[in-house]
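Student: Let me give you the structure first, and then I'll get to my questions.
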Amino acid sequence: MVTTKADAVPRVGGRTVEEIRSDFPALARIIERDGKSNVVAYLDNAATSQKPRSVLDAMAAYYERSNANVHRALYTMGEESTALYEESRRAVQRFVNAARPTEIIYTSGTTAGINLVAHSWGRAFLSEGDEILLTEMEHHSNLVPWQLLAKEKGCRLRFIPFGESGELELDRLETLWSDRIKLVSIVHGSNVLGTVNDVKRIVDFAHERGAVALVDGAQSVPHEPVDVQALDCDFLAFSGHKMLGPTGIGILYGKERLLESMPPFLAGGEMIEAVWLDHATWNSLPYKFEAGTPPIAETVGLGAAVDYLGKLGMAAIRDYERELSAYALPRLKAVPGLKVYGEAKRRGGVFSFNVDGVHPHDLAQYLDGEGICVRSGHHCAHPIMRKLDVAATARASLYFYNLPAEIDRLVGALERAKEFFG
Ligand code: PMP
């Protein structure tokens with residue numbers, strides 16, 4: 001049981017948050033700025049998470065002991081490297097409950113995974129006049145690849161709108177639908193509004209009408225249990241660096257039947273079976289989509305990250321973050337002149353806000369002076385900013401290692417900032 005009451009010790013999955021924090025060296029960092037010295041309050045987890053010692057150690061051990069290219073070496077170090085690479089894939093497979101390891105494709109991140117689907121599946125299976133259904137709250141990574149594809153193929157994009165509270169207007173799905181929609185690609189957790197969308201409902205709706213469904217899991221897979229078989233999505237893209245892993249590694253889950261039917265995206269080593277001067281044949285899954293030397297140490301780091309999350313338990317992580325978010329929201333809203341964007345009933349620990357009369361960049365710099373890391377800007381979501389009628393927002397985003405005391409620090413600093421810039 002987790003609690004955020006001031007006199008009780010916050011816990012996640014049987015461990016105290018203080019104990020968990022000691023696994024993350026960067027959370028002890030002292031920020032020296034403007035003559036002040038503060039322990040960091042890292043509240044930019046939607047951008048990237050901090051890394052536990054076990055991830056750093058796994059990557060260092062890989063380089064110190066087993067560094068060799070994968071799949072092509074018959075010597076001990078090469079075999080170890082390949083075994084580590086494939087063991088991480090199986091760890092990720094278990095983590096999202098994919099039916100087979102061949103359905104887990106290593107990519108460099110969510111963006112790369114979505115682009116893979118757009119280039120491979122999209123080019124092969126969409127034709128002029130076909131339509132793609134997105135939402136108005138997509139990150140650019142799940143919007144621009146489809147814009148490019150639509151331009152190339154003569155396709156049309158449609159959008160599920162979101163309302164005042166930041167919730168998708170799913171009751172309009174029926175009227176929005178067209179028989180030309182072949183693909184639905186939707187964000188699970190919004191990186192701006194915090195909304196956690198009912199993707200299962202949208203996936204089922206798409207399937208009943210014969211469309212393929214892709215889920216952008218960049219902000220959901222790190223924060224709650226995501227089971228691809230229960231969700232029944234055709235594709236799920238997510239990033240290692242937002243879930244304790246290193247940068248440069250991500251996952252595209254795809255149903256085997258679909259991946260089998262798709263042509264390769266990037267071509268070169270590892271994705272081939274045999275090559276002649278004028279043609280080539282493709283390797284089996286998942287290698288068909290893993291051209292070139294992969295980021296091996298990064299997959300090892302991701303495997304360790306997934307082990308760490310699995311040991312704590314994703315349900316426990318979700319529950320703690322819900323309580324922490326419920327603690328944060330009313331306190332943020334009580335700051336004079338502060339407006340939070342996004343108040344969906346199902347929301348995660350992402351809070352975009354503005355303070356009257358203070359530019360979000362000034363706010364972020366002021367907060368840094370107190371050791372508090374928040375992001376400011378458009379969060380790679382220009383269409384959301386336009387709809388909210390703001391140029392930018394500040395954004396605080398939580399993870400399971402954050403404490404109620406860090407929320408208190410943020411709120412106190414925001415109150416002082418309001419006076420400072422007043
Ligand atoms: N989708 C969402 C919802 C995101 O929040 C992000 C990262 N901010 C991405 C996609 C892109 O992830 P990456 O930069 O790791 O490819």
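The values are calculated or read from the model by the stated rules, or taken from the named source; none is laboratory data. All values reported here derive from a predicted model rather than from experimental measurement. We place every Cβ from the backbone using ideal geometry, glycine too, and count neighbours over all the protein chains shown. Side chains included, ligands, DNA and RNA excluded: accessible areas come from the protein's heavy atoms. Shrake-Rupley method; radii C 1.70, N 1.55, O 1.52, S 1.80 Å.
Student: Return the total of residues in the range 92-114 being part of a helix (DSSP H, G or I), open to solvent by 40 Å² or more (accessible area, probe 1.4 Å) and near the ligand (Cβ under 9 Å from one of its atoms).
Tutor: 1
The rows are residues; the columns are (1) at pLDDT 95 or above; (2) away from the ligand (no atom under 12 Å from the Cβ); (3) within 28 Å of G154 (Cα to Cα).
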site	(1), (2), (3)
K182	yes, yes, yes
S185	yes, no, yes
F205	yes, yes, yes
R209	yes, yes, yes
S220	yes, no, no
Q229	yes, yes, no
D234	yes, yes, yes
H241	yes, no, no
G248	yes, no, no
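Student: Where residues in the range 122-148 are within 22 Å of N197 (Cβ to Cβ) and without any contact (Cβ under 8 Å) to a residue 60 or more places away in the chain, which of them is farthest from the ligand (Cβ to nearest atom)?
Tutor: Restricting to residues being within 22 Å of N197 (Cβ to Cβ) and without any contact (Cβ under 8 Å) to a residue 60 or more places away in the chain, the top hit is E131.
Student: If T135 passes every condition in (1) over 16 Å from D232 (Cβ atoms); (2) open to solvent by less than 10 Å² (accessible area, probe 1.4 Å); (3) more than 17 Å from the chain's Cα centre (by Cα) but one, which one does it miss?
Tutor: Looking at each condition in turn, T135 falls short on (3).
Student: Now, a different point. Pick from R15, R21: which is farther than 25 Å from F289 by Cα, open to solvent by 20 Å² or more (accessible area, probe 1.4 Å), touching a residue at least 12 places away in the same chain (Cβ under 8 Å) and in contact with a helix residue (DSSP H, G or I) (Cβ under 6 Å, 6 or more places away or on another chain)? Write out each step before concluding.
Tutor: Working: R15 fails: in contact with a helix residue (DSSP H, G or I) (Cβ under 6 Å, 6 or more places away or on another chain).
Testing whether each residue is farther than 25 Å from F289 by Cα, open to solvent by 20 Å² or more (accessible area, probe 1.4 Å), touching a residue at least 12 places away in the same chain (Cβ under 8 Å) and in contact with a helix residue (DSSP H, G or I) (Cβ under 6 Å, 6 or more places away or on another chain) leaves just R21.
Student: Just to be sure, is A213 touching a residue at least 60 places away in the same chain (Cβ under 8 Å), of a type outside the set (V, I, T) and either in contact with a helix residue (DSSP H, G or I) (Cβ under 6 Å, 6 or more places away or on another chain) or more than 10 Å from the ligand (Cβ to nearest atom) (or both)?
Tutor: Values: touching a residue at least 60 places away in the same chain (Cβ under 8 Å): no; of a type outside the set (V, I, T): yes; either in contact with a helix residue (DSSP H, G or I) (Cβ under 6 Å, 6 or more places away or on another chain) or more than 10 Å from the ligand (Cβ to nearest atom) (or both): yes.
In short, no.
Student: Got a sec? Which strands (runs of 3 or more DSSP E) wholly within the range 204-297 have at least 1 residues that are crowded, with 24+ Cβ neighbours inside 10 Å? So that I can check it myself, show each step before the final result.
Tutor: Details: elements: 212-216, 235-239, 250-254, 272-275, 280-282.
So the answer is 212-216, 235-239, 250-254.
Student: For a quick check of your reading: which helices (runs of 4 or more DSSP H) sit entirely within the range 323-422 and have at least 2 residues that are in contact with a strand residue (DSSP E or B) (Cβ under 8 Å, 6 or more places away or on another chain) and under 23 Å from M137 (Cβ atoms)? Show your work before the answer.
Tutor: Working: elements: 360-368, 382-388, 404-421.
Correct list: 360-368, 382-388.
Student: Kindly indicate whether any position in the range 41-53 is in contact with a helix residue (DSSP H, G or I) (Cβ under 9 Å, 6 or more places away or on another chain), farther than 24 Å from N191 by Cα and not in a strand (DSSP E or B).
Tutor: We begin by selecting, within the range 41-53, every residue in contact with a helix residue (DSSP H, G or I) (Cβ under 9 Å, 6 or more places away or on another chain); these are 41-43, 45-53.
Checking the rest, the ones that are also farther than 24 Å from N191 by Cα come to 53.
Among the residues that remain, those that are also not in a strand (DSSP E or B) are: 53.
Among the residues of the range 41-53, at least one is in contact with a helix residue (DSSP H, G or I) (Cβ under 9 Å, 6 or more places away or on another chain), farther than 24 Å from N191 by Cα and not in a strand (DSSP E or B), which makes the answer yes.
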